[in-house]
Amino acid sequence: MWGGRFAEGPSAIMREINASIPFDKVLWAQDIAASKAHVAMLAACDIVSEADAEAIIGGLERIAEEYETQGVPEDWDLEDIHMTVEARLADLIGPVAGRLHTARSRNDQVATDFRLWVRAAMDEAVAGLEGLQRALVTRAGEHSGSIMPGFTHLQTAQPVTLGHHLMAYVEMAARDVSRFRDARERLNRCPLGSAALAGTGFPIDREMTAQALGFAGPTANSLDSVSDRDFALDYLAAAAQCALHLSRLAEEFVIWASQPFGFVRMPDALSTGSSIMPQKKNPDAAELVRGHAGRIIGCQTALTVTMKGLPLAYSKDMQDDKPPVFEAAGLLRLCIAAITGMVEGATFQTGRMRAAAELGYATATDLADWLVREADIPFREAHHITGAAVRLAEGRGAALGELSLADLQAIDARIDERVFAALSVESSVAARASHGGTAPAEVEKRVHEARGRLEMDA
């Protein structure tokens, strides 16, 4: 393979390892937009003539039409989307196309194109997450009073409402939205005009190109401008955290849809069957959302490791920045859409949920709280008394509310008949009326607030 010192074999290998057009062709729209802004600025600064600028912009617009309808051709000899566009521009308008690359480098060009793409991906993630929040809020409003077991350690803990449970994911999605928005603000500076690494000697107007491309302003240091990929890492970090949240909800759908739970019937459109067992209805979409979270986290790790030891400024390693971001964005888009569809289409089995809330002595904490409030017993003592009551009920195979007053008074004489009003699951959830609690009235407040934030009533 290596005989003859870089003869045919090595040159073919170099051609293959060096070409990024198979994946960076998705940046064609951003590349053309940045090139149009750049040449318009060059004309405004009298660096190129108005006639040349008009010819270049006209050629770029024609290329955009071609790529929109026919796709981007892959010529590995041209290496990347930037040279692919420039070569096609030369085919269309001749040598004047060469003026486009005045006062810029592929280094600041790719940094700009990639920022534009990631910025759009952040906006897309926010829009998708807000759609998911609306779906969750709608279903939470429908089930503000539907009782289900709340779990810790996947053991029955206390009764909650389904609406309260769903609103927890609204909060998670809101934090995801805030992460993408914060990252977008940091990203929104334009590297174009930094050239290869040191800036340029041409009298360019970087504010003009930044404004034309929707950036808040130009970046402040040319070395950092071409070597920074923090914006891509920020996107992947936000995407990974978001994927974790989506995976947790997907896991709950998988558990709830299983026959031992039977809390939910998944929509047919997001389920599959078995090739051998005709009774099966598998929550495959939820399982794939759960699985895709691992791939998104892997994308974050891949770029983090790529960037960890690079000196300033640009290194070819950074060509590997785009595949993990493109993959993560595609997976995240799909996961958000799938989870939103599950939330919208799920049929919640509220009777089964309420029955499950009756099991596992979920109102034990209510008994302890009653002893504190009504019998003026310190909580640690009340906890011990309640534990004894649970042990008695468990030994009889009965619910706490099925114990007689005599049974309870045999454990502690300070208990009276008023205690039974506190032992129903309805009383339990109604009592949790602290801010952010599970009481139906409190859930309805949170739903109302969320509807306002998400402009659902407009």
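The values are calculated or read from the model by the stated rules, or taken from the named source; none is laboratory data. Not measured: the values here are computed from a predicted model. Cβ coordinates were reconstructed from backbone atoms using ideal geometry, including for glycine residues, and neighbour counts include every protein chain displayed. The accessibility values were calculated without ligands, DNA or RNA, using every heavy atom of the protein model including side chains. Shrake-Rupley method; radii C 1.70, N 1.55, O 1.52, S 1.80 Å.
Against the main long axis of the alpha-carbon atoms of the chain, helix 364-375 sits at an angle near 60°.
What the chain shows is 47 Å² of accessible area per residue, with the surface traced by a 1.4 Å probe over protein heavy atoms.
Applying 1/(1 + (r/R0)^6) with R0 = 25 Å to the Cβ-Cβ distance of residue 414 and residue 352 gives a FRET efficiency near 0.10.
Ranked by the mean number of other Cβ atoms within 10 Å of their residues, highest first, the peptides 84-91, 16-23 fall in the order 84-91, 16-23.
With θ taken as phi - 60° and the Karplus curve 6.51 cos²θ - 1.76 cosθ + 1.60 applied, the whole-hertz 3J(HN,Hα) list for region 311-322 is x, 6, 10, 7, 10, 5, 3, 5, 4, 7, 6, 7 Hz, x standing for glycine and proline. Within region 107-356, what whole-number % of the accessible surface is contributed by carbon and sulfur, with the 1.4 Å probe and all protein chains included in the calculation? Solvent-exposed carbon and sulfur of region 107-356 make up 53 percent of the total. Close amide H pairs (under 5 Å, H built 1.01 Å from N) link residue 282 with 272, 273, residues at least 5 positions away or on another chain.
Within the shell defined by Cβ-Cβ distances under 12 Å, the residues around residue 310 carry a net charge of -1, with Lys and Arg each +1 and Asp and Glu each -1.
The mean sequence distance of close C-alpha pairs (under 8 Å, at least 6 residues apart), as a share of the length of the chain, puts its relative contact order at 17 percent. Kirkwood radius, the chain, all distinct C-alpha pairs, inverse of mean reciprocal distance: 26.4 Å. Residues whose amide H lies under 5 Å from that of residue 160, counting only those 5 or more places away or on a different chain, are 148, 150; hydrogens are built 1.01 Å from N in the peptide plane.
Between the Cα long axis of helix 284-307 and the first principal axis of the chain there is an angle of about 50°, rounded to the nearest 10. Among 148-155, 357-364, the peptide with the highest mean count of other Cβ atoms within 10 Å heads the list, and the full ranking is 357-364, 148-155. Couplings 3J(HN,Hα) for region 193-210, derived from phi with the Karplus relation 6.51 cos²θ - 1.76 cosθ + 1.60 (θ = phi - 60°), are x, 6, 6, 5, 6, 10, x, 9, x, 6, x, 7, 10, 5, 4, 5, 5, 4 Hz, where x marks Gly and Pro. P(r) tail for region 12-102: Cα pairs beyond 15 Å make up 58% of the total. Taking each residue as 0.36 nm, the span from residue 449 to residue 287 lengthens on full extension beyond its C-alpha to C-alpha distance by 55.2 nm. With N as its number of residues, region 361-454 has a Cα radius of gyration that, divided by 2.2 N^0.38 Å, comes to 1.28.
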